[in-house]
1. If you take every DSSP beta bridge whose two residues both sit in the range 62-174, what share of them, in percent to the nearest 5, is antiparallel?
2. Cα atoms only: what Rg and Dmax, in Å, come out for the chain?
3. How far is it, in nm, from the label point at residue 100 to the one at residue 170 when both lie 7 Å from their Cα along the line to the Cβ?
4. Rank by packing, highest mean first: peptides 3-14, 125-136, with packing defined as the count of other Cβ atoms within 10 Å averaged across residues.
5. Name the residue from 43, 25, 1 whose Cα lies farthest towards the positive end of the charge dipole of the range 1-48, charges +1 on Cβ of Lys and Arg and -1 on Cβ of Asp and Glu.
6. For the range 27-118, what does the equivalent ellipsoid look like in terms of its semi-axes, each the square root of 5 times an eigenvalue of the Cα gyration tensor, given largest first in whole Å?
7. Express in nm, to one decimal, how much length is gained between residue 121 and residue 25 on full extension, taking 0.36 nm for each residue of separation and deducting their alpha carbon distance.
8. How much length, in nm to one decimal, is gained on full extension between residue 41 and residue 88, taken as 0.36 nm per residue of separation minus their Cα-Cα distance?
Amino acid sequence: MKKLEMRDSVPGDLRAIELLYPEAFPDEDLLPLVRDLLQDTAVTTSIVRVIDSRIVGHVIFTTCGVAGKRISASLLGPLAVTPARQGQGIGSALVRAGLRQLKDKDVHFVCVLGDPAFYGRLGFLPEFSIRPPFRLPAEYDGAWQSQNLCDMGAAYSGELSVPKPWRQPSLWIP
Ligand SMILES: CC(C)(COP(=O)(O)OP(=O)(O)OC[C@H]1O[C@@H](n2cnc3c(N)ncnc32)[C@H](O)[C@@H]1OP(=O)(O)O)[C@@H](O)C(=O)NCCC(=O)NCCS
């Protein structure tokens, strides 16, 4: 029987996580971002999916803010599932696990830049009041999304302020 586990990552997972990203993103080098984010455990939530002692999926949520507002926000990403295990519910389960943790920590809302066909199924909606840190090209219409985790609803507006690893235009603009 398969041994399944979903848990917060630990420093000893780094090597396996470093192998996962080039597999899941063969055309994109996300490792510098992932390494930087994992070093700053004060602002990141990092969850792994383990099957038979092997890490097959990983997601990071980064604590962010909105300039001038007392709001606790989070940015979802990167999210990766090893190709042989894609389409088996692992990516969705990782996102749901992160959202539960953030809700328990009283985070108000979570943003993501990604495919609405995937994230829409997980409760994300196009976001218009909170701006991403860089202006997105028109072809990304609908890809900037968010999900409220509390009842403050449409009370937010402004620019999402992200920590240094995310302040690189190449992560936002193709
Ligand atoms: C995107 C990714 C994280 C999804 O994880 P996953 O475990 O494969 O997805 P799940 O099994 O939870 O969800 C599967 C559903 O989402 C859909 N889906 C998966 N990836 C998708 C994508 N990039 N765009 C749109 N829909 C997607 C599948 O078609 C499937 O739908 P179905 O159940 O109707 O067949 C994973 O496929 C992956 O790592 N891809 C390569 C890296 C990547 O593109 N990451 C982008 C994150 S923004």
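Every read-out reported here was derived from the displayed coordinates using simple, explicitly stated rules and does not represent laboratory data. This structure is a prediction, so every number in the text was calculated from the model and none was measured. We place every Cβ from the backbone using ideal geometry, glycine too, and count neighbours over all the protein chains shown.
1. Numbers: 13 of 19 bridges.
Bridges in the range 62-174 are about 70 percent antiparallel.
2. For the chain, the Cα radius of gyration and maximum Cα-Cα distance read 15.6, 52 Å.
3. 3.7
4. Details: 3-14: 12.4, 125-136: 14.9.
Descending mean neighbour count gives 125-136, 3-14.
5. 1
6. On the way: eigenvalues 109, 43, 35 Å².
After diagonalising the Cα gyration tensor, the semi-axes are 23, 15, 13 Å.
7. On the way: separation 96, 0.36 × 96 = 34.56 nm, distance 2.16 nm.
Length gained between residue 121 and residue 25: 32.4 nm.
8. On the way: separation 47, 0.36 × 47 = 16.92 nm, distance 2.84 nm.
Here the segment from residue 41 to residue 88 would lengthen by 14.1 nm.
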